[in-house]
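The values are calculated or read from the model by the stated rules, or taken from the named source; none is laboratory data. This is a predicted model, so every value here is computed, not measured. We place every Cβ from the backbone using ideal geometry, glycine too, and count neighbours over all the protein chains shown. These accessible areas exclude ligands, DNA and RNA; they are computed on the full protein's heavy atoms, side chains included. Shrake-Rupley method; radii C 1.70, N 1.55, O 1.52, S 1.80 Å.
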Amino acid sequence: MTEGERKRAYLDWWKENGDVAHMATSFPQCGCESADAAPGGFGPIKDEERLRYFAVSRSDIDLKRSPKKSITSSIFKRCFKSGMSTCRLGYASRAELNFSAQLLYEHQLHEHAEFGGVLGVVDFTAAAVRRPQESLEQVCCIVDTPLEDRNAHADVVSSKIVDEPEAQTSLRLLLFNAIGGVNAFCPVAEVTDCDLLAFRPAALAS
């Protein structure tokens, strides 16, 4: 087994069973970024690639309590726990983007009824979250983790274990500012490359 194959085998296990701490310990220095491509996948993520994160209510924006607020740096909180789920826009078809949004919508609807759903998207380059400041070492790894019917799926993962709340907050703000802050958010009504209006919270559809 080559090193690239070993990393691919690990990622295939990790996306079902692992967390950020396990990856940072098992493959430090973002070693998994160079894993071989999975069958049907697209291989390592290049710096210039654009990634998409779907912002939802009530996890990212609490439509019930704060309907006028936009995204905050909390969109990056999963980077330090289980990985931040994204789509690779250069490879994701319209159908795959719709399916990804649908899965999130169904989960949020089940959890939060009329206030659960997709509110918009946040698009950013891989480079912006890998190295939000040139003077810093790499902050996040981006790993190719294709899923069933979502071959363009990727996870953004902290490059090291960061348990201290203050340190996490600082890094989240750094990442948030690097992608453009609140200006990176695009509401569902303005997204043209997929069909998100059907996945809005019921509270907005009425």
*Within region 31-66, which residues are out of contact with any helix residue (DSSP H, G or I) (no Cβ under 8 Å at 6 or more places or on another chain), in a loop (DSSP other than H, G, I, E, B) and either open to solvent by 60 Å² or more (accessible area, probe 1.4 Å) or touching a residue at least 60 places away in the same chain (Cβ under 8 Å) (or both)?*
Pro39, Gly40, Gly41, Phe42, Gly43, Arg65
_Test: residue in region 98-113 that is closer than 27 Å to Thr25 by Cβ and either within 18 Å of the chain's Cα centre (by Cα) or open to solvent by 60 Å² or more (accessible area, probe 1.4 Å) (or both)_ = no
*Which residue, of Thr192, Thr169, is within 17 Å of Leu119 (Cβ to Cβ) and either in contact with a His (Cβ under 6 Å, 6 or more places away or on another chain) or among the polar types (S, T, N, Q) (or both)?*
Thr192
*Qualifying helices (runs of 4 or more DSSP H) (wholly inside region 89-189; at least 2 residues being among the hydroxyl-bearing types (Ser, Thr, Tyr))*: 94-112, 165-178
*asked:* Just to verify a result, which residue in region 67-79, among those that are part of a loop (DSSP other than H, G, I, E, B) and of a type outside the set (Gly, Ala, Ser), is nearest to Leu174 (Cα to Cα)?
replied: Thr72
*Which is of a type in the set (Ser, Thr, Tyr) and within 18 Å of Ser85 (Cβ to Cβ), of Ser34, Ser26, Ser57?*
Ser57
*Can you tell me how many residues in region 80-94 are under 8 Å from the mean Cα position of the chain (by Cα) and open to solvent by 50 Å² or more (accessible area, probe 1.4 Å)?*
1
_Residues within region 10-25 that are exposed (fewer than 14 other Cβ atoms within 10 Å of the Cβ) and either within 18 Å of Asn151 (Cα to Cα) or in contact with a His (Cβ under 6 Å, 6 or more places away or on another chain) (or both), tallied_ = 2
